[in-house]
Structures are given as structure tokens and as C-alpha cells.
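Notes for the one structure printed next.
The values are calculated or read from the model by the stated rules, or taken from the named source; none is laboratory data. Note that the coordinates shown come from a computational prediction; the quantities given were computed from them, not determined experimentally. As a convention, Cβ positions derive from the backbone with ideal geometry for all residues, glycine included, and neighbour counts pool all protein chains shown.
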Amino acid sequence: MRRLLIFALAAAGAWGLGAPSVTPAAEKLRVVATTTDLKALTEAVGGNLVEVDALARGSQNPHDLEVRPSLMIKLRRADLLVTNGLELDMWAEVVVQGANNSKVVPGAPGRVDVSEGIPVLEVPTTRVDRSMGDVHPVGNPHYTGDPGLVPIMTANILDGLARLSPESRATFERNREQFLRQVDQAFVGWKRMLDPFRGAKIVQYHPDFVYFFARFGLVKAGAVEDRPGIPPTPDHLVRLIAGMKQDRVKLVVVEPWNDIKLAERVAQDAGAKVRILAPGVGAVKEADTYLNMIDYNVRTVAEALQ
Amino acid sequence: MRSMVAFAFALGLIAQAAPAPAQDAEALRREMEQMRKQFEAMQEQYKKAMDMMTERLERVEKGAQLPAAAAPVAAPAAAPAPMQPAQGSPPGTGLTAQRPPGSDPSPLDLIKPRQPFALYERRGRGQLLFDMGVTGDFIGNLTQHNVQKNQGGSFPGLENLFFPREIEVSFFGQIDPYARAEVRLEAGQDSRSGDLSFNLAEGNLTLMALPYGTQLKMGKMRNRFGYLNEIHAHDWPFIDNPNVLQQFFGTEGLVESGFEATWVPPLPFYLQLLGGVFNGENDVAFGRDQISNPLVTGRVRTFFDLEDWGAIQLGSSIAAGQTPQQKSSTIIGWDAKYKYTPPGWQHAAVSVVGEYLMSLRNVVVTDPDGIDTTRFRNSQGFYVYGGLQPFAHGELSKWLLGFRYDRTQYPAASGTEWAVQPFLAYYPSEFLRFRLGYKQTTRSQCCSYLDFQDNGGSAKQVSEYFLQGTFIMGAHPAHPF
């Protein structure tokens, strides 16, 4: 019995000591991002020093992703997990629990919360409960739609990458600077395209584009959903259409996974157009990179508001 | 001695009752110091923001065209500068553009008396709280009088009643960087008297920071045996426990105290290997109830992702221990689940679940002469469930049509029962659900083991109508596949 105990203790000790804790410098960092936006931004910072995969596909609504064990296997060997941090991807914790990877459990160095330092919109100042729909108690999590926040997002990602691979910090910083220059350059054109429509009122299906609107001076004039995540009632639609007519709203934007036919009926009754915007990279064919996603959204809105 | 006690008591009272100006002053000083620090931090934040805006202004004036709120490219990554709040949040929505600086609770906030949940309402990052949720699951069932008399329904002893099956309060979250815990307290009605039973449904911790893809869970838990056993009743995809699980594990299922270790090897596909050691507290299958003669469990689970065509999960489980009569008992199970969620849908259009169980156990049989003999019994049973939710959007997308077929032998007696159950479910939201179902059960050679002989075996044919209402309040973890 005593021998058995000694053997068990020795085995446990060896097991604990044998845990690999440092990633060899020559290997690429294996990064998993919860969404395709975060994947794209991580690739921009990490360059060819990282290998990035995303848990949600661009065509999937990241609010309620089906947690499949195939996601757990993606995370099983990851060095870093990049998360939205504002409860958009809470399902990621279930993936972490099933992945058995100590590098990415909460509190481990291999976790990056990209929302650190983001000026969060729609933070409830009153008591919230589910009668208000699927309200995010810590604020609207769709901040990746605002290209003006790229410096903060990439800074957080850079921090996480450099934490695991400090010797590559200079390369990550160079990559980031280069990417920010591209964003700056593109932003000039985007601003020029949307400036004539500052103050234009737009109806959303779900508040996915609040940050995008705020950045370009567009105003949200309501939502097709009754409350976030709650399908609309006929009464709500009647009120919405009346409000759209009164405010002369000319555009309804929807996510590819929402009820586009319903949005078209609302728009038709209110004399507006419907356009599908890309809430994430890969959500539509044209939005295959982060810059192309913003570019697609800007062009789509500008064309519709002409 | 008595006078000394009285003196000490009086001194204690004085010490408690008398105001302590020195202590008050000290507390006020600490509070002021805290406020001063908060003010300085705020000042620092605004200074940084103003510096940044000044720099941007200079660059714009020099012709450098930057995004309206882009931070300088070379901004130190470790401390992103605060940004100008974006414009456009409409007034009158009860929402603000930015969390006010210093809104996280200070240590002083934490020790001050407050209304229950007042801190929770001020929830922000950095607040030390775990998640909590409440779920309620209510069942109403109607069946024949003879079934009620013989307690032969799907909810034995609760026939022709509307009752709370499970009201559960759950707490879960990280303990520290190495472990997480979950505690679930449960109340439910399990007899006609109307009394509720309260119990600890689960209370366990999981060590998550172990190396080589391993985890260790310890405490009281719903065992990961098969597909359904680990899921709480309010989350089942149908109303009642499948007959085979009810017969093999009893009403509560396999809930045990002990240890469970898992290993996910670094393979290109998902494979989870599990081993567990438990007391053996299950009254029906493994009631030895001592860790020195443990219930040992094992499970292998794998998964095939068919991308747009859905996904399949396959598992195989084993549990081996001793019955309350100290006879060997082994249950082996195989389970499969297929789910098809069309691209762009919020929910699965088709779900199919099935479990097949085999019980191998020694049972004590008393012959007509009153002599006990031990016999080996091999019993089998299975269930198959299918769910169809064929509409992606609109009012019809809230409805689901389900069907389950059950067939099982009795593990400790001869006889078989089978059942069919169609039901209709309505989901007004993801947190509220109603189900209406009908179940027809047929039993053969019924069955001294089930104690139906009192009424001449009249519980052989059972027709039941079910109504179920389920709610979720507060936090509820996402469900695994």
C-alpha cells in the first residue's frame, strides 16, 4: 500500500513537472479566435509567425453558436485564445471546458480579451433583465465593426502574442503599424463616401452595427426585432413602419442569417430599401478580409442611401 | 469571579455601544484617500485622452488624414489610450455611450451595507462574482385511475398531478486560475403529499490547469454515462426520462460522489476518454455505497463534423459496481446523436438521439420454497428520439415536433415494456418553453418486480397526457452538442 502511494505521488509529480509551458521560438504560435473578425485582426498582427483558426464561421451568428466537439479539438493544441470579452462569445467557455487545454483556461497567459480599453456603447445604466430581450449587461459587443477601434483591438492582440513570444514583439509591432497604415489609408475613402449621409437614419434588424453607425455619423432609427433576440410581433412592426415613414427612413440593414423576407416586407411598406451588411469577416462573399468587410459595408450603405 | 464576569460583560457592552470617533475618523480618512486616488486616476485618463486628441489635431492640421478616433500607431500596446466616445447612441434608451470612469466597485463599496444584488446591477469587468441562475420545470400529467393506484406512470407516485419536478438554483464559475466549480441546489415534489424535497443535485470542482490534456473533476455530479444522464431534466430534449434509463438507473439517474478524470489526446479528430471512481449510491443499479468497493465508470466519446450537413457524436460507456444486495452489476451503453442545422439557421432543423443499454447483473431470486438463489440476468433496452423544427424564421420557427420510441426489458425481473410518445413544443424565447405530449406504454408479463400485481396487472396499458412548462432565469451555460 505504502509503495503504491509513493508510486502514485512520484507519478503525479512527474506529470506536473513534465508539463510543457513554453512554446519553442521556432514554431508558429497556434492561435484560436472565437470569431472571424478577431481571426483577421490576429493574422494582421501575427503575420507569418502565427497560425490562426476561428471557432465560429463567418456565416454563423456568433451570439448562439452550437458548441461542437470539433471546436474543442481546434482549441486542444492552441497556445492562445482570442475572445470578444463582452459576452458575445460566452459559449467559448464551454469549448474551453471540453478542450482540456490548460494554456487557455480563464486566467492563463494564453487568453486575450480584445475588448480591454474599448469605449463600450449601449452599456445599460438601468437595471436589466430578460424582459428587455437578450441585452448584454456589459454593453454592445459588436465593436469590431468600427475601424476606428482597430488600434485598441490590435494593441490587445499584440500584447497577448508578445506575452507568449516576447522575442517576436518587434515583428508584431511592425505588422501592426503596417496594418494600421492600411486602415488609415482606407478610412479616408470610407469617410469621403459616407460623409454626405451623416445623420441619415437607418433601421437595423439586430443591433450589430451600432459601432459602425456611430463611427460614420449614421443614426439608428429602430430595429426589426422587438427587443434584441426577440422576434418581432405584428404590433411592433406596425409601430416600426409608422415610425420609418414619419422619420423618412430609407434603409433597413440585415445580417445574412436574419429573416430577410420579413425585412423586405417592412421596407416595402415603409418605402425603404433592404441591404445585407456583413457583421463579420466572411459573413458575405465580398467581406473576405477585415478591410474588405468594412469596405463592403461602407459601399453598400452609401449606394443604398444615394 | 461572578463580579469579574459582570465587569467584563459590561465592558463589552460599552465597547460595542459607545461611538468610536477615532475609528470613524480613520474610516473617513481611508475613504477620502480612496476617493483621491480615484480622482487622480480619472484625471490621468482624461489627460491621456486630451493629449491624444491634441496630437490628432496637430496631425490633421499638418495634413495627415487619420481615422477620427484612431490611436497613434505607436501607442504602447500594454496600455491602450482611452478613446473618444463614439457618437450616435440615441437618447432616451437608458443606455450611455461609455461606462463612466471609476464605476467598478471599490473595496469600500464591497464592505458597505447594500441592497441585495445592488453590486450585481453595477456589474462591470473586474467585479468578483460567479454566475448564478434559476431554472423551473413543472409537469402536469393525466392518466387512468388504475395507473395512479399502482403508481405505474412515467412519474411514479405523481400521476394525475401538476407538480414542480425540478426547481434548481445553480452557481458556477472560476475558483482560481486552476479550477472551476459548480453547485446546484434542487427542490422538487416526489410524492403526493405535496412536500418538497431539497437536495444538493451537484457540487463539484474541476481542475482545469492539469497538463497533457487532462482534467479532474471531484465531488457530487451527474455521471457522464451515455448522452442523457449528465443533462439535467429541464434541459432534456423530451418531457420524461426514457423508460430504459428509468428502469436501469431509477428516477434520478446516475448521480454519484467521487472522481472523474478525462483525457483529450492531441489527435486530428475529437476523442475524449473518461474514467471515474465513485461511492456507488444508486439505489437501483449500484447501491454498495462505499469507495472501497467502488462503482467504476468509463466513457469514450468521438465526433464527426459534417460541416453544412450537420454533425454526429458517438459514445460508449461502462459502469461496473455492486448492487445494494452486494451482487455484481455492470451496465454498458452506446449512444449516438445527429444534429442538422442548415447554414444561417439559429436552431437545428433535425435532431436524432438514441441510446442502447445492456445490464449484466446478478440478482437474488426467491423460489416458491422461500430459498434465495443468485441468478445472472442480461437485460437490454433502448430509446430513439427525433425532433423536427422545420422553419427558420417567423412564428412557426418557435414550434418543434418531437417523437420518442422506447423499448426495454426489466433489469431485475422478467418482462418488457415499450412506449411511443409524440409531443409538441413551443419556445416563445430561448428561456421559456412549453410542451404538450401523449405517451402510450405497453407492458408484457407485468410484473411483480414493478409491484403492479395489486391490481391484477392493470398498469399493462398506460395512456398519459403531459403538459410541461420550463423557464430559465439568470445565467445558464451554453449546452454542449
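A few comments on the model shown:
- Residue A:161 touching a residue at least 60 places away in the same chain (Cβ under 8 Å) and more than 8 Å from every other protein chain (Cβ to nearest Cβ): yes
- Take the conditions (1) facing chain B (nearest Cβ under 10 Å); (2) touching a residue at least 12 places away in the same chain (Cβ under 8 Å); (3) touching a strand residue (DSSP E or B) at 6+ places or on another chain (Cβ under 9 Å); residue A:129 misses just one of them, which is (2).
- Which listed residue is modelled with pLDDT of 95 or more and either hydrophobic (A, V, I, L, M, F, W, C) or in contact with a strand residue (DSSP E or B) (Cβ under 7 Å, 6 or more places away or on another chain) (or both), from A:230, A:276, A:260: A:276
- Total residues in the range B:450-473 satisfying the condition of being at pLDDT 55 or above, closer than 22 Å to residue B:440 by Cβ, hydrophobic (A, V, I, L, M, F, W, C) and not in a helix (DSSP H, G or I): the figure is 3.
- Residues that are free of Cβ contacts under 8 Å to residues at least 12 places away in the same chain and over 19 Å from residue A:188 (Cα atoms) within the range A:283-305 comprise A:285, A:286, A:288, listed in sequence order.
Conditions (1) modelled with pLDDT under 90; (2) assigned to a loop (DSSP other than H, G, I, E, B); (3) crowded, with 18+ Cβ neighbours inside 10 Å, marked per residue:
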site: A:221; (1), (2), (3): no, no, yes
site: A:235; (1), (2), (3): no, no, no
site: A:240; (1), (2), (3): no, no, yes
site: A:249; (1), (2), (3): no, yes, yes
site: A:264; (1), (2), (3): no, no, no
site: A:267; (1), (2), (3): no, no, yes
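- Selection of the range A:42-71 for residues being in contact (Cβ under 8 Å) with a residue 12 or more places away in the chain, closer than 19 Å to residue A:170 by Cβ and not β-branched (Val, Ile, Thr) yields A:44, A:46, A:47, A:48, A:49.
- Scanning the range A:103-126 for residues that are at negative phi, assigned to a loop (DSSP other than H, G, I, E, B) and touching a strand residue (DSSP E or B) at 6+ places or on another chain (Cβ under 9 Å) returns A:105, A:106, A:108, A:109, A:110, A:114, A:115, A:121, A:125, A:126.
- Taking the range A:133-154 as the range and being touching a Lys or Arg at 6+ places or on another chain (Cβ under 6 Å), more than 7 Å from chain B (Cβ to nearest Cβ) and either modelled with pLDDT under 90 or at positive phi (or both) as the test, only A:133 passes.
- Qualifying residue in the range A:75-90 (condition: out of contact with any His (no Cβ under 7 Å at 6 or more places or on another chain), without any contact (Cβ under 8 Å) to a residue 12 or more places away in the chain and facing chain B (nearest Cβ under 8 Å)): yes
- Check on residue B:277, in contact (Cβ under 8 Å) with a residue 12 or more places away in the chain and within 16 Å of residue B:218 (Cβ to Cβ): yes
- Unique match (being more than 12 Å from every other protein chain (Cβ to nearest Cβ), over 21 Å from residue A:96 (Cα atoms), surrounded by 14 or more Cβ atoms within 10 Å (Cβ to Cβ) and without any contact (Cβ under 8 Å) to a residue 40 or more places away in the chain) among B:293, B:282: B:282
- Selected residue (criterion: surrounded by the fewest Cβ atoms within 10 Å (Cβ to Cβ)) from residues of the range B:267-279 that are touching a strand residue (DSSP E or B) at 6+ places or on another chain (Cβ under 7 Å) and among the hydrophobic types (A, V, I, L, M, F, W, C): B:269
- Counted residues, the range A:176-219 - those being over 15 Å from residue A:297 (Cβ atoms), without any contact (Cβ under 8 Å) to a residue 12 or more places away in the chain and buried (at least 18 other Cβ atoms within 10 Å of the Cβ): 1
- The residue of the range B:184-214 that is surrounded by the most Cβ atoms within 10 Å (Cβ to Cβ), among those that are of a type in the set (Asp, Glu) and assigned to a loop (DSSP other than H, G, I, E, B), is B:190.
- Within the range B:139-160, if we keep just the residues that are surrounded by fewer than 18 Cβ atoms within 10 Å (Cβ to Cβ) and assigned to a strand (DSSP E or B), the residue that is nearest to the chain's Cα centre (by Cα) turns out to be B:140.
- Just so you know, in the range A:269-306 the residues that are part of a loop (DSSP other than H, G, I, E, B) and of a type in the set (S, T, N, Q) include one that is surrounded by the fewest Cβ atoms within 10 Å (Cβ to Cβ), and it is A:306.
- Subset tally (residues that are among the charged types (D, E, K, R) and surrounded by 10 or more Cβ atoms within 10 Å (Cβ to Cβ)) for the range B:347-380: 4
- Qualifying position, being away from every other protein chain (no Cβ under 14 Å), of a type outside the set (S, T, N, Q), without any contact (Cβ under 8 Å) to a residue 60 or more places away in the chain and at negative phi, among B:239, B:167: B:167
- Test: residue A:126 is at pLDDT 95 or above and either farther than 17 Å from residue A:31 by Cα or not assigned by TED's automatic domain parsing to the domain that holds residue A:48 (or both): no
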